[in-house]
Amino acid sequence: MASPVVKNQKYIFVTGGVLSGVGKGISAASIGAVLQAKGFNVSIQKCDPYLNVDAGLLNPAEHGECFVTIDGAETDLDLGHYERFLDLELTQKNATLSGRLLQQVIADERAGKFGGKTVQLVPHLTNAIQDAIQLAADGSDVHIVEIGGTVGDYEGLSFVEAIREFAGRVGRENCLYVHVVYVPFIGTSKEFKTKPAQNALGDLRGFGIVPDAVIVRTDSPAPENVARKISMFSGVREDAVVMLPNASTVFEVPLSIAASGINEVLSRFTGNEKKPNLNKWKKIVAAQIKKHNRKVSVGLVAKYMDNEDTYLSVLEALKAAGWAEDVGVDIVWINAETATDKDFKKVDALLVPGGFGGRGVPGKIAAATYALKYKKPYLGICLGLQVAVIAAARRAGLKDANSTEFDPDTEHNVVYIMDGQQGKESTGGTLRLGNYDAKLAPGSLVAKTYGKKSIVERHRHRYEVNQAFKEAIEKGGLVISGTSPDGQLVEFIESNNGSYFVATQAHPEFKSRPNHPHPLFAGLIHAALE
Ligand code: GLN
């Protein structure tokens, strides 16, 4: 499949060396932010070497949250960084996994599309990767591609080869290679050590890529000779070797990148000398580092207690709401498996995030019960809505009310798999994914909070509220305040006692932006203040 040469479109490839997890995603997103600030239309893509087809089945405790796009792609949390930094809505084509491409190559082979040829990683997989890059780049001025993992990882070699070949496809002058390396500080000798970074750059050269810029991550500010040394050993010009020590907030990184040599690299590469307009970023950072006179605490009733990445978008949405309301937000982790009323009492508001499986569910039901009883501000997200419905039904006297996810035989299945969907539970076939419309009840708290009559939110769930129990749910203190346009599916519930108790079957956290909090989160922080 020969692809047309795309004229004038620019591509930036961000790879990593030494360690993964040193901020390649933030670096890629920040480069995009600077290009946007120069007026470019930017697109961005993550390539991950996993053999998974998507991130839907990855364990969030290991991989962090599963980020869901508007078209229902289940992706890596880096897409969340991209959306928050670049204020874009991404889709499946922005998340490319080896597993998905291999599946496609093998399906093409079975369909006889290779005309009798031997099907190989090079060129067939590498071509599929390059096609996926061009597809994701379509329509933008500059397309940024982040390659997951570190260069030299066995499983990532096809991607590195593909981005090298890509320069042949579109012209080397239209490709910019940025390598992100880590330089450790050795406490005993009080020295920054560049050897691992030199080796990583050597590895990249070994695969035929001499980068145009190097981002050097350090834990603390490093002396200039570090950049000089890396420049000397890698052949990258010194002003394109950029030091990036840890920032106090990730949203400072676009400002650091713009103030660094990368800015000139980008100007030369795009032929656009225009100074980036960084007002948006200055405002975002100012709102974050400001000392707030007012503080609220939000209890996050969670089951994964040791990894913030698992609830990344929820935490970012809470923080963004705090910045917008000019309030400091203390996030208090409440272990759903051990939680009691004492834990709920201590905080100003409660948030029950999404989740799958029964672990910690009794504690989450207890949180919703407490919030209903004592008018504690509550935001329920997906599972957080379902446990609220269970709590209300139990308050109304249906003691065994449950979701069939946790008790398949319950007589009072207030949350269930709808008729026609049963039996498909483990096929992935019944997950409701991506954007769905909802209509909000006129005059309801959610309608007021959104300031809208109809909304669109992203979904990722399988079970639905059973409206046959509407009466019990209402008796227990909740009203259904938003549904799918046809009224079949419950999308929002809220308390009928005037407190800020709101829950949604969707995942509003994915739409929050650092300078644009989501109304439901802003509403929670606002209520917590009162
Ligand atoms: N486990 C529930 C369901 O599948 C909730 C999912 C979620 O919170 N994302 O419907």
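Each reported figure results from applying straightforward, stated rules to the coordinates on display, with no laboratory input. Note that the structure is a prediction, hence the values are computed from the model and not measured. Here the Cβ is made from the backbone with ideal geometry for all residues, glycine too, and neighbour counts use every protein chain on show.
For this structure, a couple of remarks:
- Karplus (6.51, -1.76, 1.60) ³J(HN,Hα), θ = phi - 60°, over the range 104-115, in Hz, Gly and Pro reported as x: 5, 4, 5, 4, 5, 5, 5, 7, x, 7, 9, x
- DSSP-defined beta bridges in the chain - what % are antiparallel, rounded to 5: 35
- Put in order of Cβ neighbour count within 10 Å, fewest first, the listed residues His412, His143 become His412, His143.
- The H on the amide N of Leu176, modeled in the peptide plane, is under 5 Å from the matching H of Tyr11, Ile12, Phe13, each at least 5 residues off or on a different chain.
- Other-chain or far-sequence residues with amide H under 5 Å of Ala73's (modelled H): Gln92
- Ranked packing of 250-260, 397-407, 184-194, most packed first, by mean Cβ within 10 Å: 250-260, 397-407, 184-194
- Rounded to 10°, Cα long-axis angle of helix 261-270 versus longest principal axis of the chain: 80
- Tilt relative to the chain, helix 225-234 - C-alpha long axis, 0 to 90 degrees, to 10: 70
- Computed [θ] at 222 nm, helices only, for the chain once each DSSP H run of length n ≥ 4 contributes -39500 (n - 2.57): -10500 deg cm²/dmol
- In straight-distance terms, cross-link reach from Lys283 covers every one of the lysines whose alpha-carbon lies under 16 Å from its own, apart from those fewer than eight places away in the same chain; here that gives Lys291, Lys319.
- In the chain, the ratio of gyration radius to Kirkwood radius, Rg to Rh, stands at 1.00 when only Cα atoms are counted.
- In plain terms, the residue of Leu101, Leu524 with the fewest other Cβ atoms within 10 Å comes first and the most crowded comes last, giving Leu101, Leu524.
- Within the range 488-530: backbone nitrogen closer than 19 Å to the Ile289 label point (7 Å, Cα to C-beta): 514-515
- Given Lys295/Lys448; Lys24/Lys46; Lys38/Lys275; Lys10/Lys38; Lys93/Lys280, the pairs whose alpha carbons are separated by over 18 Å: Lys295/Lys448; Lys93/Lys280
- Ranked by the mean number of other Cβ atoms within 10 Å of their residues, highest first, the peptides 332-339, 493-500 come out as 493-500, 332-339.
- 0 to 90° range, to nearest 10: angle between helix 312-325 axis and the chain longest Cα axis: 80
- Phi to ³J(HN,Hα) by Karplus 6.51 cos²θ - 1.76 cosθ + 1.60 over the range 58-74, Hz, x for Gly, Pro: 6, 5, x, 5, 8, 10, x, 5, 8, 8, 10, 8, 4, 8, x, 6, 9
- Burial ranking of peptide ranges 506-516, 147-157, 163-173, 104-114 (average Cβ count within 10 Å, highest at the top): 506-516, 147-157, 163-173, 104-114
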